[in-house]
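Read through the structure below, which is laid out as structure tokens, and then see the notes.
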């Protein structure tokens, strides 16, 4: 079960498990796999007056960031990938029913519900990862982490930079 304790801020972070078509040797390889021949990546942003505008970033800048992270990684094991998936929230995962999990009168958790929920989540994560690996057909897989502490991180986390590749987004909001 994922319960956040302690201080919680408005910032968010996400992990991305991404399958590239081939192992990139340069930032240009990354750029080509992520964006094709596009020179700029367009995204929604806020101006100084909090009005939405369409902004852009050179795709090579994004590719250099991603390539830099690739260079620091070893090939993740299946267990590493399962840990990454289960560290947050992924689309389609089983919903947690707090009212069924916590007995208000007794002020205690329902351990039977919790065990069933944990098993259901584990099976969901395993099936999600197995499907991802099967779809990726032995392509190199990398894990990236971005947070919205800055305009750069927010764009990297929220604006779909990996949309042209097979990926899983894990939200740690």
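The values are calculated or read from the model by the stated rules, or taken from the named source; none is laboratory data. Everything numeric in this text was worked out from a predicted model, so none of it was measured. Cβ atoms come from the backbone with ideal geometry, glycine included; neighbour counts cover every protein chain shown.
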| task | Mind telling me which of the residues 103, 127, 166 ends up being touching a strand residue (DSSP E or B) at 6+ places or on another chain (Cβ under 9 Å) and farther than 18 Å from residue 20 by Cα? | result | 103
| Across the stretch 128-156, what is the number of residues that are closer than 19 Å to residue 64 by Cα and either at pLDDT 85 or above or surrounded by fewer than 19 Cβ atoms within 10 Å (Cβ to Cβ) (or both)? | 15
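If a residue must be out of contact with any strand residue (DSSP E or B) (no Cβ under 8 Å at 6 or more places or on another chain) and in a helix (DSSP H, G or I), how many such residues does the stretch 134-151 contain? Walk me through it before giving the result.
Kept after step one, since they are out of contact with any strand residue (DSSP E or B) (no Cβ under 8 Å at 6 or more places or on another chain), are these residues of the stretch 134-151: 134, 137-138, 149-150.
Cutting the leftovers down to in a helix (DSSP H, G or I) gives us 134.
Total meeting the criteria: 1.
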| field | Top-ranked residue of the stretch 1-27 - restricted to ones that are touching a helix residue (DSSP H, G or I) at 6+ places or on another chain (Cβ under 7 Å), modelled with pLDDT of 95 or more and not in a loop (DSSP other than H, G, I, E, B), ranked as nearest to residue 139 (Cα to Cα) | value | 19
| remark: Within the stretch 59-79, residues being loosely packed, with under 14 Cβ neighbours inside 10 Å and touching a strand residue (DSSP E or B) at 6+ places or on another chain (Cβ under 8 Å) number 2
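Filter the stretch 88-103 for residues that are modelled with pLDDT of 90 or more and either part of a helix (DSSP H, G or I) or surrounded by 10 or more Cβ atoms within 10 Å (Cβ to Cβ) (or both) and give the result.
Residues of the stretch 88-103 that are modelled with pLDDT of 90 or more, as a first pass: 88-95.
Correct list: 88, 89, 90, 93, 94.
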| message | Here is a check on your reading of the model: is residue 106 assigned to a loop (DSSP other than H, G, I, E, B), more than 20 Å from residue 42 (Cα to Cα), out of contact with any helix residue (DSSP H, G or I) (no Cβ under 7 Å at 6 or more places or on another chain) and free of Cβ contacts under 8 Å to residues at least 40 places away in the same chain? | response | yes
